1. Once the dipole of segment 108-177 is set up with Lys and Arg at +1 and Asp and Glu at -1 on Cβ about the Cα centre, which of Leu109, Ala147, Leu121 lies farthest towards its positive end?
2. Mean separation of Cα pairs under 8 Å and 6+ residues apart, divided by the residue count of segment 18-177: what relative contact order is that in percent?
3. Compute, for the chain, the length of the dipole vector about the Cα centre, with Cβ point charges of +1 (Lys, Arg) and -1 (Asp, Glu) only. Units Debye, rounded to 20.
4. Quick one: work out the % antiparallel among DSSP beta bridges in segment 1-111, nearest 5.
5. What nm distance separates the two modelled labels at Thr138 and Asp52, each placed 7 Å from Cα along Cα→Cβ?
6. Extension gain Trp171-Glu25, at 0.36 nm per residue separation less the Cα-Cα distance, in nm?
7. Could you put His45, His91 in order, starting from the residue whose Cβ has the fewest other Cβ atoms within 10 Å?
8. Going by C-beta contacts inside 10 Å, put Thr33, Thr145, Thr138 in order with the fewest on the left.
Amino acid sequence: MSEVRTAHTADLDAATLELARALLEAAFTSDWTDHDWEHGLGGVHALVWDGDELIGHGSVVQRRFLHGGRALRTGYIEAVAVRADRRQRGHGAELMAALEPVVRGAYELGALAATADGARLYTARGWQQWQGRTSVLTPTGIARTEAEDGSIYVLPGAAPLDLSGELCCDWRDGDVW
Ligand SMILES: CC(C)(COP(=O)(O)OP(=O)(O)OC[C@H]1O[C@@H](n2cnc3c(N)ncnc32)[C@H](O)[C@@H]1OP(=O)(O)O)[C@@H](O)C(=O)NCCC(=O)NCCS
């Protein structure tokens, strides 16, 4: 019997964070970097436990996205993975069901960059594909991120959105989306 628990990074001990990191490294294999791990810290984690085994992880962290002339307080979903031998049993949906209330309750917009595996999970839950251009606010100005066009999904909140408009994310080390 599995159980989903949520906790802020500050409330997770080192051993739990290490389990989460190992799960993510295994799920994303060679694509996983130290930056990817760091991007999922500093917000609220959802952890799927089966006894003392961690079988799923996701988190939501705060970012600022520019859209329609505003800097939207954005809940950004990061580091979503279910252990390979436990997929296709609804744990991914459970993770999202735990994170979405955080997004809806604390942010004006939800956003994420989906892998091919993840896209079906998100669209089935009402996340919408961003149709317009994507970009990033670098230290030297706005730069297009065309490679990410089509892979960004949003959960609309209080902020008015034009899905065919431009969505510009804030700057960070590693992958910006
Ligand atoms: C994406 C990922 C997190 C999904 O996790 P998951 O636990 O398999 O997700 P779910 O079980 O909730 O949903 C997956 C599918 O199983 C189906 N499913 C859910 N419960 C089921 C059950 N009891 N029996 C059969 N199928 C079931 C869902 O309907 C869904 O089907 P669909 O793909 O046809 O829409 C997982 O594939 C993963 O970790 N991938 C590698 C990392 C990754 O890409 N993460 C996403 C980053 S954006």
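1. After comparing all options, I get Leu121.
2. Once normalised by length, the contact order is 22 percent.
3. 660
4. So the antiparallel bridges amount to about 90 percent of the total.
5. 4.8
6. 50.2 nm
7. Ranking His45, His91 by Cβ neighbours within 10 Å, fewest first, gives His91, His45.
8. Thr138, Thr33, Thr145
Read-outs throughout are calculated quantities, based only on the coordinates presented, and are distinct from any laboratory measurement. Note that this is a predicted model, so its numbers are computed, not measured. FYI the Cβ positions are ideal-geometry reconstructions off the backbone, even for glycines, and counts take in every protein chain you see.
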